[in-house]
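The values are calculated or read from the model by the stated rules, or taken from the named source; none is laboratory data. Since this is a predicted model, take the numbers as computed values, not measurements. Note: ideal-geometry Cβ built from the backbone for every residue, glycine included; neighbour counts use all protein chains shown. For accessibility, only protein heavy atoms count, side chains too; no ligands or nucleic acids. Shrake-Rupley method; radii C 1.70, N 1.55, O 1.52, S 1.80 Å.
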Amino acid sequence: MMNLFLQSALQPVECFLTHPEEKEEHTVKVKRRRKKKMSDILAESSPKPGVPEDLQKLLNQHFGTKRSVIELEELKLPDSCFLPSNDLTHSFSSYLKEICPKWAKLRKNHKEKSSVLMLIICSSALRCLELIKSVTAFKGDCKVIKLFAKHIKIKEQLNMLENGVIHLGVGTPGRIKALVKQDGLSLNSLKYLILDWNWRDQKLRRMIDIPEIRRETIDLLETGIIKLCREDSVKLGLF
């Protein structure tokens, strides 16, 4: 009997370790809200034609903290200098015909070299070429010069301005500003300055939505065009 007891005591006992019951984890992925790009915002909003107040607001925002009250007053554009704005129903030629009905007479009387009667400011060389093609019905028998940097050296443009009578210039603000500062392009004969304000590129940006183009446009206006506008020598249009 004792032997049986000893034998049962020496038998190995099988042990089982118990683990706490694992709880099924339910992880909820929180979707991060994607930051909207400018193109997304613009795509959701209906296009609004530019108005004179938009340009004046742009100038105030740019110079607001850099200039004195007196200097800011000198940068203020009078309402009388603005042409009717494009209401988004015009072609470029029809817009120019509306704002400049006496273009043929102006063109005929223009004899001064190194100057133009009208400047059209665009955001890119490609857009300049598009507008040059679309302006055919308006320009008539006048000479047009391309005033952008792409594939055209500034020396070549200086020679063309110096040696011929040119009526209409289409270009980017950076290159036009450079020509004015080098005294290659005079503003004495300038009557009209048109900003390609409402057009949007593939990213739905207007020219003023592109920081570099916006800055160069403002710099160009400050080279003497604002002064001429205040003197009622130059009219401004927002196409």
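Yes/no matrix, rows are residues, columns are (1) assigned to a strand (DSSP E or B); (2) open to solvent by less than 50 Å² (accessible area, probe 1.4 Å):
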| position | (1), (2) |
| --- | --- |
| Leu129 | no, no |
| Asp141 | no, no |
| His151 | no, no |
| Leu158 | no, yes |
| Glu162 | no, no |
| Gly169 | yes, yes |
| Val180 | no, yes |
| Leu193 | yes, yes |
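Can you give me the number of residues within the range 127-166 that are more than 21 Å from His90 (Cβ to Cβ) and in contact with a Lys or Arg (Cβ under 8 Å, 6 or more places away or on another chain)? Spell out how you get there, then give the answer.
As a first pass, look at the range 127-166 and keep what is more than 21 Å from His90 (Cβ to Cβ): 141, 143, 145-166.
Applying the additional criterion that residues be in contact with a Lys or Arg (Cβ under 8 Å, 6 or more places away or on another chain) yields 141, 147-149, 152, 154, 157, 161-166.
Residues that pass the stated criteria total 13.
Candidates are the residues of the range 195-239 that are of a type in the set (Val, Ile, Thr) and assigned to a loop (DSSP other than H, G, I, E, B); the one that is surrounded by the most Cβ atoms within 10 Å (Cβ to Cβ) is Val234. Residues in the range 112-127 that are open to solvent by 40 Å² or more (accessible area, probe 1.4 Å) and charged (D, E, K, R): Glu112, Lys113.
Any residue at all in the range 62-72 that is open to solvent by less than 40 Å² (accessible area, probe 1.4 Å) and without any contact (Cβ under 8 Å) to a residue 12 or more places away in the chain? Checked the range 62-72: at least one residue is open to solvent by less than 40 Å² (accessible area, probe 1.4 Å) and without any contact (Cβ under 8 Å) to a residue 12 or more places away in the chain. Count of the range 82-111 residues, restricted to those that are buried (at least 18 other Cβ atoms within 10 Å of the Cβ), hydroxyl-bearing (Ser, Thr, Tyr) and not in a loop (DSSP other than H, G, I, E, B), is 1.
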